1. Any idea of the accessible area per residue across the chain, 1.4 Å probe, to the nearest Å²?
2. Could you give the length gained on full extension between ARG604 and ALA249, defined as 0.36 nm per residue of separation minus the Cα-Cα distance, in nm?
3. Can you put TRP101, TRP436, TRP259 in order of accessible area, largest first, using a 1.4 Å probe?
4. Calculate the all-directions average of the projected area of the chain's alpha-carbon convex hull, and give it in nm².
5. Tell me the mean residue ellipticity at 222 nm calculated for the chain from its helices only (DSSP H runs of n ≥ 4, each -39500 (n - 2.57), averaged over every residue, nearest 500).
6. Can you tell which of ALA433, PRO474, TYR538 lies farthest toward the positive end of the dipole of region 408-552, using +1 and -1 charges on the Cβ of basic and acidic side chains (Lys, Arg; Asp, Glu)?
7. Each label point is 7 Å from the Cα along the Cα-to-Cβ direction; what then is the distance between the points at PHE556 and GLU309, in nm?
8. If each residue of separation counts as 0.36 nm, what is the full-extension length gain between ILE226 and THR95 once their alpha-carbon separation is subtracted?
Amino acid sequence: METKPPPELTTRAIVLAIVLAIILAGANTYLGLFAGMTLASAIPAAVVSMGVLKALGGGHILENNIVATGASAGSSIATGVIFTMPALIILGYWTDFRYSWVLAIAGLGGLLGVFFSVPLRRSMIVDQGLAFPEGKAAAEVLKTGEHPEQGLKLLAAASVIGGFMKLAAGSGLRLIPDTAAVAGWFGKTLGYLGTNLSPALFGVGYIVGLNIGIVMLSGGVIAWMIAIPVYSTFFLGADPALSAEIAAAGPIDAAYAIWSAQVRYLGVGAMLTGGVWTLISLRSSLASGIRSGMMAGRANAGDVTPRTERDLPMRYILIGLVLFTLPLMMLYQAIVSQWLVSIPMTLIMIIAGFLFVSVSAYMAGLVGSSNNPVSGITIATILFAALVLAAIMGRDSSIGAVAAIMIGAVVCCAACIGGDNLQDLKCGYILGATPWKQQTMLAIGGVSSALVLAPVLNLLAQAYGIGVPTETHPNPLLAPQANLMASVAQGIFGGELPWTTIGIGAAIGVAIIALDEMLKRRDSTFRVPVLACAVGIYLPIEVSVPIFAGGLVAHFVERHYAPFADASARERIHQKGTLFAAGLITGEALMGIFIAIPIVMAGRADVLALGAGMQFGGWLGLAMLVGVAFAMYRLATRQTVVT
């Protein structure tokens, strides 16, 4: 007979998880549109939970785990939405984000992701014992959280720093610019170098590490220090329209014009290659994930199951899959108005959803959620869906690209939640949590996050613009993945794309893959993931520079501890630095959302700007960023590492 179960899915835990999920969804929406990256947030949520529940009289470790589980859904749902749904704005299908549609895609896609991943838990966590590194790290934080006040204060202080620097930047007080950049003509050759002054990007770099930072910066070098100079020197004369535009522009605007019209499509080609390679390289993982689900489905339901092994019942899973699929089919029918198209769309969504949730869960177990190639999975889904729909509807269909994006959006949300679900369940497995309660909390957190995404997206779109530069918003939030998804879908349905440049980018992607495979065979600790390099090619180089700088600080922290700690101590080494980085990201992202409110209300981008005499150049922003780097290093190296 089991003893009374510990408090877990309590009212206060549910409420706190929902609040944190909504906050983290908003923060990651801004970060993903800005930098093309989102980050796992279970550890910061766990630290906040420990502090808040302790202030309310103490919280059981499993209550804190439930809060972290529900809160992490906010990041996952935001990732699935921002990677895909801004493509509908870019394609011109929407002029704003429709609340009911975003809620349906995000909420139902997230629920499908939870249900698809439930049968995978026993095989991947219990039987195969996959690592799920972020789940293990979150469990360590929860187990050693007797005194959470220090971590909570660290998060709060870093959030204030990140928020202040965002307020001081170009969309706020304009005390400092958003970027520090120089450019110039050297004969016919155009040169450009710049860095963003964002503390959030610096925090991203610290978390992802030096390897990813180097790879992303290398992509930026390919685009901005090789491709743009080469194009301006040898090929600009062959494009009279672009030449005329550049003739009337300064060197910085000229570099951006060449990047926007031609060079960024190198990144599109490289990402397409990366998406296809993702499927090829994960074929065994895919097969393993499918086998896991089938074996779990055949498990003997008549056995008396311990509390720590009870998943959501399979009959409820099957009923839920039917109930949540039907509204999506009706949504697809509302788009295409042809049952012979909407039914195949639904079938593609279901099959691709289960396949890629399995892949996402397996990859989360191997390399963690932050390194999970969800964008590659989504590219492959949209490409396949677009080809099938083109065969049914014809390449001249005006709605085909939109239909493909809608399929990819559901699959992307499901895949993001699926990987996150297994990561959280690994943490719960270590701590002795009840799986069905975590699965329920993840579903609640996902739906709660979906409720706020459309208003946040509309606020950011009105204040900053998304994806496409306009006269009102010449420097919009880039939304790189959504731009790519729109390009892929549009290209299949007769859109005008620079296919030669895309082909060259695809060849660059092949070369990167070959280099990475060579490093893999040599058992090198340094790797070159093709999608990270492709994103670096696609984004402005100033985005990659602070990410590289943050990774460099993380490397120096590891070097500081190298004589005293082995590789297994890495998570403990970076615990304070990671919390500080998470605070920088959260503070800047939330301030970006808050600043958008007066901008939209006033209808002016400079509503908060100080007078010209109080607007300093990039030197002040650089000095502030150097100060942040120094503070992070000092903080991360003032601790004792237990080996």
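The values are calculated or read from the model by the stated rules, or taken from the named source; none is laboratory data. Given the structure is predicted, the values throughout are model-derived calculations rather than measurements. Glycine gets a Cβ as well: all are built from the backbone with ideal geometry, and neighbour counts include every protein chain shown. Ligands, DNA and RNA are excluded from the accessible area calculation, which covers all protein heavy atoms including side chains. Shrake-Rupley method; radii C 1.70, N 1.55, O 1.52, S 1.80 Å.
1. 39 Å²
2. 125.4 nm
3. Solvent-accessible surface, decreasing: TRP436, TRP101, TRP259.
4. Hull-based average projected area comes out at 28.7 nm².
5. -23000 deg cm²/dmol, from helical runs alone.
6. Among ALA433, PRO474, TYR538, the one farthest towards the positive end of the dipole of region 408-552 is ALA433.
7. 5.1 nm
8. This chain segment gains 43.5 nm when fully extended.
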